[in-house]
Number of protein chains: 2
Amino acid sequence: MRERPSRTSPYSIDVVLVTAMGNELAILLTRGSTERERWALPWRAPQAGETLGTASVRLGEDALGEPPIWTEQIGAFGDAKRHPSEAEMSVAFVGLVPHQTASTNAGYTWFPMRDLPPLSPRQRAMVEAATRTIQGRLDQAPIAFRLLPSTFTLSELQQMYELLLGKRLHKASFRRALQGAWLVEPTDEWRSEGRGRPAQLFRYAPKKRRRPHRGVRFDFLYP
Amino acid sequence: MRERPSRTSPYSIDVVLVTAMGNELAILLTRGSTERERWALPWRAPQAGETLGTASVRLGEDALGEPPIWTEQIGAFGDAKRHPSEAEMSVAFVGLVPHQTASTNAGYTWFPMRDLPPLSPRQRAMVEAATRTIQGRLDQAPIAFRLLPSTFTLSELQQMYELLLGKRLHKASFRRALQGAWLVEPTDEWRSEGRGRPAQLFRYAPKKRRRPHRGVRFDFLYP
DNA sequence: GACTTTAGTCACCAAAAGTGACTAATTCGC
DNA sequence: GCGAATTAGTCACTTTTGGTGACTAAAGTC
């Protein structure tokens, strides 16, 4: 990403690295030295012998010292013109970073998602699409678990889901659904955190389960 | 798509055009004159002043004489190497074609999805991803309605959903869900089709509806 | 020890989905 | 014409899932 090819690259690969910081989601930005000091998502030009997926992983490694724990392609963005590169088009990925490993290499900074500096229109669109991708995959991939430490309390897990979904959940309903899905198993550790009853720690340990067997749901959003 | 740029293009834009033919889904292929007579998805190199989305629509127009009634990006494909173009990477779209307009321009042929000729690995991956994209959007966009004529019987609609989902649905459940979603309204026409009671014709006429208000669903697929 | 705070569970109700059986209206075979 | 077959449309019943408030449990605070 640092070295700029002499000729403008036909497309770029960008990554939206997401982590949970406190009660907020945060994404990683860098200040490109050549791009008028503007903040930008990490990106690079495609390199020979490298697939799109491995390029996105390398971007994460360059920024954090280790690869994101989960990545997924968001899509190709070519309609919003402006981009830190002058590439006509960009392929974007989301990557999840557990909070422990959220220390960055020099030149990279976490920004709370609610308060981002100005980005190029195309990268702004990527951040919005990243949120939608995460929310859409939330019940198909262990996204919340990847953002938590390996053991966690059920309240922490619920707070993570609330953060990712952007809405409050009812405690009993959440736990009932969780139990039905056989996704967590209790450890024999408990954690006392200030006042209140200590909470039992759980780990992510999915078990085989009969596929939920549903019919059609017409969840149309528009009138 | 016909004219080949002198230098290999950095990427291509491909489209998976889908229609319903009889009891099967079909996709549109073309036999590129320069690519060893192999069948391929319609594709073209990016052109100046054209966004990705409009390029995919133009591909549909070139093949069918009119644009697909609905398109959506599937994603960028760069990992499977071989492609009719020698582009390193391709951006793929799905497009829906109503059955009435399924007549093709010269050089294009519909193939039933269950029985496709050999395609390049990358385009094969696109076809599989197109199916997943359609199934994933089925309850968020009026995909089934776009593949049917403007009026249809509820049995035809159910058969379309069964085709797209690849599984049988229960008649009463299907209709109950449909009614709850306020998606169709009856016309005063009936159609008698061979034997059996004539069926009432309906049209797609969504009404405003309160958003279904659900909690978390953990539909994890893997053990 | 009374009060507060957080964890964890329970019971009840409402909504949604699964299912088989029923009635209705037509064509087919005779 | 008439019964059998076929397809459409609806109903009633059961099971499952989700929403919700209230309850008990175990810690800290004063």
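Nothing in this text is a laboratory measurement; each read-out follows from the coordinates by a stated rule. Given the structure is predicted, the values throughout are model-derived calculations rather than measurements. Every residue, glycine as well, gets a Cβ built from its backbone with ideal geometry; the counts of neighbours run over all protein chains shown.
Only DSSP H runs of four or more residues enter the estimate; each adds -39500 (n - 2.57), and after division by the residues of chain B the mean residue ellipticity at 222 nm equals -8000 deg cm²/dmol. Bridges between two residues of the protein assembly as shown, per DSSP, are antiparallel at a rate of about 80%.
Taking Cβ atoms as reference points and 11 Å as the exclusive limit, the residues near B:Arg217 contribute a net charge of +1, counting Lys and Arg as +1 and Asp and Glu as -1.
Applying a DSSP loop filter and a limit of 12 other Cβ atoms within 10 Å to the GluC sites (Glu not before Pro) in region A:118-217 leaves A:Glu193. Working from Cα positions, state the angle (0 to 90°, nearest 10) between the long axis of helix A:171-181 and the longest principal axis of chain A. That works out to roughly 80 degrees.
Neighbours of B:Thr151, meaning other residues whose beta-carbon lies under 9 angstrom from its beta-carbon, give a summed charge of +1 when Lys and Arg score +1 and Asp and Glu score -1. What separates the B:Glu24 label point from its copies, with the point 7 Å along Cα to Cβ, is 5.5 nm, written shortest first. Calculated on the Cα set of region B:113-177, radius of gyration then Dmax: 14.0, 43 Å. For A:Lys81, list the aspartates and glutamates whose Cα falls under 18 Å from its own Cα; do not include residues on the same chain fewer than 8 positions away. The reachable aspartates and glutamates, counting only those whose Cα sits under 18 Å from A:Lys81, are A:Asp14, A:Glu35, A:Glu128, B:Glu50.
Among the chymotrypsin sites (Phe, Trp or Tyr not before Pro) within region A:139-198, not one is in coil by DSSP while having at most 12 neighbouring Cβ atoms inside 10 Å.
Scanning residues 5 or more positions from A:Val16 or on other chains, those with amide H under 5 Å from its amide H are A:Phe93, A:Val94, A:Gly95, with H placed 1.01 Å from N in the peptide plane. Sorted shortest first, the separations between the B:Pro121 label point and its copies elsewhere in the assembly read 3.8 nm; each point sits 7 Å from Cα along the Cα-to-Cβ line.
Taking the Kirkwood radius as Rh and the Cα radius of gyration as Rg, region B:30-72 has a ratio of Rg/Rh equal to 1.01.
Relative contact order of region A:16-88: 18 percent, from C-alpha pairs under 8 Å at least 6 residues apart in sequence. Peptide B:133-139 has a mean shielding of 2, counted as Cβ atoms of other protein chains within 10 Å of each residue's Cβ. Of all residues in chain A, the one whose Cβ lies closest to the rotation axis carrying A onto B, together with that distance in whole Å, is A:Pro10, 2. Of the trypsin sites (Lys or Arg not before Pro) found in region A:171-223, those that fall in a DSSP loop while having at most 15 other beta-carbon atoms within 10 Å are A:Arg195, A:Lys207, A:Lys208, A:Arg210, A:Arg214, A:Arg217. Computed from Cα atoms, the angle from the helix A:121-137 axis to the main principal axis of chain A rounds to 20 degrees. Extension gain, A:Gln179 to A:Glu193: 0.36 nm times the residue separation minus the Cα-Cα distance gives 2.7 nm. Against chain A, whose longest principal axis is taken from its Cα atoms, helix A:52-64 shows a tilt of about 80°. From most to least packed by mean Cβ count within 10 Å, the peptides B:129-141, B:69-81 give B:69-81, B:129-141. Between B:Thr109 and A:Ala106, the simple label model (points 7 Å from Cα in the Cβ direction) yields a spacing of 6.2 nm.
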